[in-house]
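Data block below; observations after.
The values are calculated or read from the model by the stated rules, or taken from the named source; none is laboratory data. Since the structure is predicted, the reported quantities are computational estimates derived from the model, not experimental observations. So basically every Cβ, Gly included, is an ideal-geometry build from the backbone, and we count neighbours across all protein chains shown. Heads up: the accessible areas ignore ligands, DNA and RNA and are worked out on the full protein's heavy atoms, side chains in. Shrake-Rupley method; radii C 1.70, N 1.55, O 1.52, S 1.80 Å.
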Amino acid sequence: MMRTGWLMGALALCCAAATQAGWSGEFLLAPADSRFVFGWEAPAGHGMREYVPRGETVENWTRMVTLQRFGYRAGMTPAAVLARTAALMQAACPGATVTPGESVPLAGHVSATIRVDCPRNPQTGKPETMFARAVLGDDALHMVQAATRRVPTIADVRWAAGVLQGAVLCTASDVTSRCGTARAATPGAAL
């Protein structure tokens, strides 16, 4: 979520050893939303992109969508990665609470969801809430996150649910659809 914040630090600690190269092969894609633009991509080998509302930045945002791809390791499951992520986030944000969600498969692939509420991000002084879905693909584990930098409203919760439920697992051979377009996206491109 926040590339320089508590959440990014927690996620990097959680899964850095499992990370592989970005947007070749299989990856998870959030639903199209022209209100969001591609704001940042991790350096080669770290499989992470962040999208923010038009006019906002990855440092100063109200909502954010983050897509990640982690190389697979034996024993790595969506639930285990989310549990580790949640534990690290709770350590980074005093008072953070975790609510496990559904484990509904995505296109036949095992997945799990969580919600993490941080009452006050130590770096920004603002509340943040992250909704995440992890999916075990054929060659990697993927995560889509929808975050708000405020106490989420009912509209925020519905938006986040739509992001998680509408995610698509793009296969390595899918180059003709929206998945193919997303592979070559550059900063500023719409989600």
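The table that follows gives values for the structure above.
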{"quantity": "Scope segment 170-191; condition in a loop (DSSP other than H, G, I, E, B) and open to solvent by 60 Å² or more (accessible area, probe 1.4 Å); matching residues", "calculated": "171, 172, 173, 175, 176, 184, 186, 187"}
{"quantity": "Checking residue 58 against (1) assigned to a loop (DSSP other than H, G, I, E, B); (2) touching a strand residue (DSSP E or B) at 6+ places or on another chain (Cβ under 7 Å); (3) farther than 14 Å from residue 147 by Cβ, the condition it does not meet", "calculated": "(3)"}
{"quantity": "Where a residue in segment 177-191 is over 16 Å from residue 44 (Cα atoms) and its partner, wherever it lies, is of a type in the set (Gly, Ala, Ser) and open to solvent by 60 Å² or more (accessible area, probe 1.4 Å), with Cβ under 7 Å and at least six apart", "calculated": "178/32; 190/34; 191/32"}
{"quantity": "Matching strands (runs of 3 or more DSSP E) fully within segment 110-169 where at least 1 residues are open to solvent by 40 Å² or more (accessible area, probe 1.4 Å)", "calculated": "111-118, 128-136"}
{"quantity": "Count of segment 38-68 residues which are open to solvent by less than 20 Å² (accessible area, probe 1.4 Å), modelled with pLDDT under 95 and touching a Pro at 6+ places or on another chain (Cβ under 8 Å)", "calculated": "1"}
{"quantity": "Top-ranked residue in segment 69-87 [being open to solvent by 10 Å² or more (accessible area, probe 1.4 Å) and not in a helix (DSSP H, G or I); ranked as nearest to residue 24 (Cα to Cα)]", "calculated": "69"}
{"quantity": "Condition check for residue 91: open to solvent by 50 Å² or more (accessible area, probe 1.4 Å) and out of contact with any helix residue (DSSP H, G or I) (no Cβ under 9 Å at 6 or more places or on another chain)", "calculated": "no"}
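Conditions tested, residue by residue: (1) touching an Asp or Glu at 6+ places or on another chain (Cβ under 6 Å); (2) free of Cβ contacts under 8 Å to residues at least 60 places away in the same chain.
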site	(1), (2)
110	no, yes
114	no, yes
127	no, yes
141	no, no
148	yes, no
